[in-house]
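Notes follow the structure.
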Amino acid sequence: MIKLDPSLIGKEFPVCTVTVTAEDIRTFAEAMDDLNPLYLDVDAAKAAGYPNVIAPPLFCMKMRGGLMRPEVSIEPGYASLHAGQDIEFADEIYAGQTYTITAKVAEAYEKTGRSGPLGIIVREVDIKDATGRIVATLRERHCSS
């Protein structure tokens, strides 16, 4: 079902480093049709107490891209399905800042579903600011059956 080296659990892997621009945030917000002035207007953001425009919450998904690190193999004949996600924010994501993204397999386990055994992999993706402080953590669950 899941082919996972147990030593991978908890081991942090680099994903990428991203410098967020106001244009990146604007493009994302407009694509989401979320025209909140805090995302688009630096003066509005500063009036609200922010140092620059802030990113919409789901912008963090764009930052991590489509990379799923570390890669985990599944046995032939099985399919991997998205089984949910949670996002925990410790701070806003600001234009003009550089963020480092890392990922790890937090858990791997099997359980029985309606159609038989399921392998569950939980990945945690951390977005850290320039000081190394985590500003957001994405927890993504994938199952194979």
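Observations on the model:
- Packing rank of 48-56, 83-91, where each peptide gets the mean count of other beta carbons within 10 Å, highest leading: 48-56, 83-91
- The stretch 80-145, Rg to Rh (Cα coordinates; Rh as Kirkwood inverse mean 1/r): 1.13
- Normalised radius of gyration (Cα atoms, divided by 2.2 N^0.38 Å) for the stretch 1-54: 1.82.
- Virtual spin-label span in nm between LYS111 and ASP41, 7 Å along Cα→Cβ: 4.6
- Per-residue accessible area (protein heavy atoms, 1.4 Å probe) orders MET61, MET32 as MET32, MET61, starting from the largest.
- Once the Cα-Cα distance is subtracted from the 0.36 nm per residue extended length, the SER7 to GLU30 segment shows a gain of 4.1 nm.
- Ranking of LEU35, LEU118 by solvent-accessible surface, largest first: LEU35, LEU118 (1.4 Å probe, protein heavy atoms only, all chains present).
The values are calculated or read from the model by the stated rules, or taken from the named source; none is laboratory data. In this text the structure is predicted, and so the values were computed from the model without any measurement. Every residue, glycine as well, gets a Cβ built from its backbone with ideal geometry; the counts of neighbours run over all protein chains shown. Each accessible area value is taken on the protein alone, full model and side chains, heavy atoms only, with ligands, DNA and RNA left out. Shrake-Rupley method; radii C 1.70, N 1.55, O 1.52, S 1.80 Å.
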